[in-house]
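A.B. asks: Got a structure for you, written out below as structure tokens; questions coming shortly.
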Amino acid sequence: MKVASMVDLQNFDEFTNLEIIEVNRYKSFENLTAFICEPNKSHCQFTFGINKVACPFQCNCTYDRDKSRLEIDCWQKNLTTIPPLPVPKKGHSLLVFEANRLAELPNNSLEGYKNLKSLDVSYNQLTSLSLSQLPESLYHLDIRHNNITTLSPQVVEYLHSVNTFHQFGNKWIIYCDEYYLQDFFRNKAKLLRIKTSKFDYIMKSMRLKINTSFIRMFFFKHTDNLYLEANEDQMKRAFKSSYKYLKAMELLNQFIGLFSAEYDEIILQHLNARCPYRCSCCVERQTGDFIINCRNLTLDFYPIIPNPISYNTTLYLDANEISFVIVPPIIIYTGLKKLHMSQNLLREFPLQRLSENITYIDVRNNRLKYLDDGVVAFLENREDITKIELSGNPWEFYCGRKTFLSYLKKHEPVEYETALRRVNITQDKCPVDCICCVETQFELHTLMIDCSGKDLREIPPLPTLALGQTTLIFERNNLKKWPSSFLLEFSNVTRLYLAHNRLSAIDHLPEKLIHLDISHNNFTALDDRVRGFLQKRMNSSQMKLSLFGNPWTCSCKEKDFLVFVKAHAKNIANASAVQCSGTGRSLIEIEEADICPSVLIYFTSLAVSLLILALSLNVFVCFRRPIMIWFYEHEICLSLVARRELDEEKKYDAFLAFTHKDEELVEEFVDRLENGKHKFRLCFYLRDWLVGECIPDCINQSVQGSRRIIILMTKNFLQSTWGRLEFRLALHATSKDRCKRLIVVLYPDVENFDDLDSELKAYMVLNTYLERNHPNFWNKLMYSMPHDMHSKRRRSDEETEV
């Protein structure tokens, strides 16, 4: 109606069959089901559906008459449920419910919901889809960026009829028994979708390796220009060679992954990425292990998994054409538990590609020649955790791979023996405790037999060689006896390493020997026969010899050995370290005169020794008593200072005579003599005399019952009648003894002996006594005490204590 005046749309209320009213100016009427369109505009105003439902609150409804569809836009309205929807008078409905808080789709019985043809519920919180929650016949479904992990068989069947299905942003869990779901996503992956913004980058990058013009022709832009799309099946039919097609598609998928260029990529929860190209990925329902199956796909590269694997994962790569394991160094597959790579073309197996939690590795029937030392160390540290299958590889038998060969012999002994026979040097087995390998640094084929560090006591039987020679390494063992000359194949040994054993003599040496190491053994000398053989070999073959670390005897008797070492120092390894036992002097620095002195030197030394002995005896005689006292005090050479006592059976070692005015002096004698280390037994009146007995009798009994009488001669003692009596009795009792029993201790307060009678005075003048203030008083007193009995008593006491 092209009229200038305003049209009241209520006038059309009775015209229920009207679909579109085109008018310039109008007054709205809310119950009108027809679309109100302005001239030359495609989008029209919508007010009311034929099911009596208006446009949902907060949503915006417009009708696109070019596409004949009602667009219900509820984008980002913070809604938690889908409300009843209007059914348009003409065309179909489209619902945009993106970026809300929807946790569950409504039942398809909801008003107007089942009539939808296009449904966008991306960026919500959905966790599942069911057939009863889907409109009857969608041609477009967008569930991107929700929390959905699986689809039921009914939903998958439903999705086959949906024209476009977008699911990126959900992380799928596909179980291995869900074949319908595996097939669905496999077929979906065949529809290649490359983001428009990255398509040209990929083509330019691939152009260096392949003609991309042929690939470009299969891609066409989608209607909304978000991506370019191609069907893999159509591309495959166009390629004349299936092999070229596979390599081209592998390359294309590599670059798609490298540039993150895939539109609507299928993300698996266990990888946080898509399944590797042409592989199948699923979860074992019983164990929960994640399986990546890339068997028999003619792959020539290790599949790229862009993110770390954190789940228990098994990777099957058997029966492919993989030569190298190349993984981005920043990616750590901590969850990789089992790796199957049998029947490939592997030439190396690097350590950095191994998961720290791996439990099984299968590299059978590849082209591996060795495993590097890092891999071997890794496997040895996990000996009870990680199992590895190694058979069917052309293992090298060179000594440069000895670490791996040792591991191979321990874990795959049949494979090890096969590798040994492959080199055609012997058909015998390697000795049980040894590692055999072939040395390549010498002109002749050399079989090295390494038995080091096995605590062996004898050399085992050696393999019989078809050709070449033998190197025997027997270091760090417990060999005491030299190898027998009857040991088969010992004559073929050209290099013999016997360091760090317990050998002391050489019995027989192989005739072709060119290297001998007997360092760190118990050799003291080499006899004439051995030296002659070694000298002959050194002259003819420049033989090398190691001798250091032995206790070599440097005496005149072994001077020929000294001459031998000095003459052949250039053939002896580290000759300066060959040292004399005890002195530590190097043999090459010693002259014959040092170990074999002349006659003049001999007699001169004898004369000097006799002179020193005479001087020593003279000094001993002159200072005998101080020396003997010092010996006795320090318990050195007691046999020299001990003397026989004639009164060994007496009760006391000493009687202590003193006046009652000097009682305080007794304590230090008791402390030093009875309680000291010598433990003498004293007698003195304060303790040992019985009360009431006659004093002269007590004095006489004490003097007679003691081996020594110690007089504490003080000024008080000289003035005491009883003191002088004790002195006189002691003097008379000891006058006939052959040993001196009377010990007089003179105190500083005694100035002279005038108070004594003539007999006692004469004794003090004519005999020696001990001065109490002398610095060596106690040592002299101890020496004057009984020796022999003291020794016996100490021994008796010690035996009693034991």
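A.B. asks: Run the helix sum for the chain: -39,500 (n - 2.57) per DSSP H stretch of 4+ residues, divided by residue count, reported at 222 nm to the nearest 500 deg cm²/dmol.
C.D. replies: It lands at -8000 deg cm²/dmol.
A.B. asks: Using the Cα centre of the stretch 449-582 as the reference point, and only Cβ charges (+1 on K/R, -1 on D/E), how large is the resulting charge dipole? Debye, rounded to the nearest 20.
C.D. replies: Computed charge dipole of the stretch 449-582: roughly 260 debye.
A.B. asks: To the nearest 0.05, how large is the calculated FRET efficiency for Leu686 and His774 if R₀ is 22 Å and r is the Cβ-Cβ distance?
C.D. replies: Efficiency, from the Cβ-Cβ distance: 0.25.
A.B. asks: Would you list which aspartates and glutamates come within 13 Å of Lys90, measuring only between C-alpha atoms, while excluding same-chain residues fewer than 8 positions from it?
C.D. replies: Within the straight-line cut-off, Lys90 pairs with Glu19, Asp64, Asp66, Glu71.
A.B. asks: Okay, next question. For the stretch 413-474, what ratio Rg/Rh do Cα atoms give with a Kirkwood hydrodynamic radius?
C.D. replies: Over the Cα atoms of the stretch 413-474, Rg/Rh equals 0.95.
A.B. asks: Quick check: Cα centre of the stretch 751-778 to Cα centre of the stretch 54-68, how many Å?
C.D. replies: Between the Cα centres of the stretch 751-778 and the stretch 54-68 lies a distance of 143 Å.
A.B. asks: Oh, and also: Nearest 0.05, what FRET efficiency do Asp8 and Asn40 give at R0 = 22 Å with Cβ-Cβ as r?
C.D. replies: Here the calculated transfer efficiency is 0.45.
A.B. asks: I need the shape label for the stretch 226-265. Rule: rounded when a/c is under 1.5, else prolate if a/b > b/c, else oblate, with a, b, c from the alpha carbon gyration tensor.
C.D. replies: Taking the square roots of the gyration eigenvalues as a ≥ b ≥ c, the stretch 226-265 is oblate.
A.B. asks: Follow-up question, since we're still on this one. Give me the one-decimal nm value for the distance between modelled label points at Glu511 and Ser152, 7 Å along each residue's Cα-to-Cβ direction.
C.D. replies: Going from the Glu511 label point to the Ser152 one covers 9.2 nm.
A.B. asks: To the nearest 20 debye, what charge dipole does the stretch 48-193 have about its Cα centre, counting +1 at the Cβ of each Lys and Arg and -1 at the Cβ of each Asp and Glu?
C.D. replies: With only Lys, Arg, Asp and Glu charged at Cβ, the dipole is about 360 debye.
A.B. asks: Okay, next question. Using a/c under 1.5 as the rounded threshold, could you call the chain rounded, prolate or oblate? The axes a ≥ b ≥ c are square roots of the C-alpha gyration tensor eigenvalues, and prolate needs a/b larger than b/c, oblate otherwise.
C.D. replies: Judged from the Cα gyration tensor, the chain comes out oblate (a/c at least 1.5, b/c at or above a/b).
A.B. asks: If you find the alpha carbon centre of the stretch 415-478 and of the stretch 221-293, how far apart are they in angstrom?
C.D. replies: Spelled out, the Cα-based centre of one part sits 52 Å from the other.
A.B. asks: Determine, from the Cβ-Cβ distance of Lys454 and Gln535 and an R0 of 41 Å, the FRET efficiency 1/(1 + (r/R0)^6), rounded to the nearest 0.05.
C.D. replies: So, using R0 = 41 Å, E works out to roughly 0.80.
A.B. asks: Rank-order 281-294, 421-434 by packing density, defined as the average count of other C-beta atoms within 10 Å over each peptide's residues, highest first.
C.D. replies: 281-294, 421-434
A.B. asks: So, one more: Compute log10 of I(q)/I(0) for the stretch 387-443 with the Debye formula, placing one identical point scatterer on every Cα and leaving out solvent, at q = 0.25, 0.27, 0.29 Å⁻¹, to two decimals.
C.D. replies: Taking Cα atoms of the stretch 387-443 as identical point scatterers yields -1.08, -1.25, -1.43.
A.B. asks: Also, quick follow-up: Mind jotting down a quarter of the surface of the convex hull over the alpha carbons of the stretch 401-551, in square nanometres, one decimal?
C.D. replies: The number I arrive at for the stretch 401-551 is 8.8 nm².
A.B. asks: Listed here are the pairs Lys204/Lys236; Lys429/Lys544; Lys114/Lys198; which of them are more than 27 Å apart at the Cα?
C.D. replies: Pairs exceeding the cut-off: Lys429/Lys544; Lys114/Lys198.
A.B. asks: Right, here's the next one. How far, in nm, would the chain grow between Ile612 and Thr81 when pulled straight, counting 0.36 nm per residue and subtracting the alpha carbon separation?
C.D. replies: Using 0.36 nm per residue and subtracting the Cα-Cα distance, I get 179.2 nm.
A.B. asks: Follow-up question, since we're still on this one. Would you be so kind as to identify which of Thr314, Asn477, Asn716 lies farthest towards the positive end of the dipole of the chain, taking Lys and Arg as +1 and Asp and Glu as -1 on Cβ and the Cα centre as origin?
C.D. replies: Sorting the options by dipole projection puts first Thr314.
A.B. asks: Right, something else. Specify the angular offset, from 0 to 90 degrees and rounded to the nearest 10, of the alpha carbon long axis of helix 599-622 from the longest principal axis of the alpha carbons in the chain.
C.D. replies: Its long axis makes an angle of about 70 degrees.
A.B. asks: Something else: First compute the accessible area of the chain with a 1.4 Å probe, then give the percent of it belonging to carbon and sulfur atoms.
C.D. replies: Here carbon and sulfur together make up 51 percent of the probe-accessible area.
A.B. asks: Same structure again: Quick one: grab the alpha carbon gyration tensor of the stretch 294-401, order the square roots of its eigenvalues as a ≥ b ≥ c, and give me rounded if a/c is under 1.5, else prolate or oblate depending on whether a/b is larger than b/c.
C.D. replies: Judged from the Cα gyration tensor, the stretch 294-401 comes out oblate (a/c at least 1.5, b/c at or above a/b).
A.B. asks: Step by step: find N for the stretch 189-260, compute 2.2 N^0.38 Å, then divide the Cα radius of gyration by it. What's the final number?
C.D. replies: Expressed relative to 2.2 N^0.38 Å, the Cα Rg reads 1.03.
A.B. asks: Separate question: To the nearest 20 debye, what is the magnitude of the charge dipole of the chain about its Cα centre, counting +1 on the Cβ of each Lys and Arg and -1 on the Cβ of each Asp and Glu?
C.D. replies: My answer is approximately 2520 debye.
A.B. asks: Cβ under 10 Å from Leu746's Cβ, Leu746 left aside: what net charge do those residues give with Lys, Arg +1 and Asp, Glu -1?
C.D. replies: -1
A.B. asks: If you don't mind, there's one more thing I want to ask. With the contact rule set at Cα under 8 Å and sequence spacing of 6 or more, what percent relative contact order holds for the chain?
C.D. replies: RCO, the chain: 4 percent.
A.B. asks: What's the local net charge at Asn107, with K and R +1, D and E -1, over the other residues with C-beta under 15 Å away?
C.D. replies: -2
A.B. asks: Right, next: With the dipole of the stretch 165-212 worked out from charges on the C-beta (+1 for Lys and Arg, -1 for Asp and Glu) around the Cα centre, which of Ser205, Gln182, Gly169 lies farthest toward the positive end?
C.D. replies: Value: Ser205.
A.B. asks: Would you be so kind as to identify which of Pro83, His411, Phe301 lies farthest towards the positive end of the dipole of the chain, taking Lys and Arg as +1 and Asp and Glu as -1 on Cβ and the Cα centre as origin?
C.D. replies: Phe301
A.B. asks: If you don't mind, there's one more thing I want to ask. Taking Cα atoms, how many degrees apart are the long axis of helix 695-704 and the longest axis of the chain, rounded to 10 and kept between 0 and 90?
C.D. replies: Tilt relative to the chain: about 70 degrees.
A.B. asks: Name the aspartates and glutamates eligible as straight-distance cross-link partners of Lys677: C-alpha to C-alpha under 17 Å, and not fewer than 8 places from it in the same chain.
C.D. replies: Here the aspartates and glutamates satisfying the reach criterion relative to Lys677 are Glu633, Glu635, Asp653, Glu667, Glu668, Asp788, Asp797, Glu798, Glu799, Glu801.
A.B. asks: Quick one: which of 110-123, 15-28, 671-684 comes out on top by average Cβ neighbours within 10 Å, and what's the full order, highest first?
C.D. replies: 110-123, 671-684, 15-28
A.B. asks: Quick check: convex hull of the Cα atoms in the stretch 225-308, volume per residue, rounded to a whole Å³?
C.D. replies: 124
A.B. asks: Taking the convex hull of the alpha carbon atoms in the stretch 148-212, what volume per residue do you get, in Å³?
C.D. replies: Once divided by residue count, the hull of the stretch 148-212 is 131 Å³.
A.B. asks: Also: Cross-link partners among lysines for Lys761, C-alpha distance below 25 Å, same-chain residues fewer than 8 apart left out?
C.D. replies: Lys661, Lys715, Lys736, Lys740, Lys780
The values are calculated or read from the model by the stated rules, or taken from the named source; none is laboratory data. It should be emphasised that the depicted structure is a prediction, and the values quoted were computed from it without experimental measurement. Using ideal geometry, Cβ is built from the backbone for each residue, glycine included, and neighbour counts are taken over all protein chains shown. The area values use the complete protein model at the heavy-atom level, side chains included, leaving out ligands, DNA and RNA. Shrake-Rupley method; radii C 1.70, N 1.55, O 1.52, S 1.80 Å.
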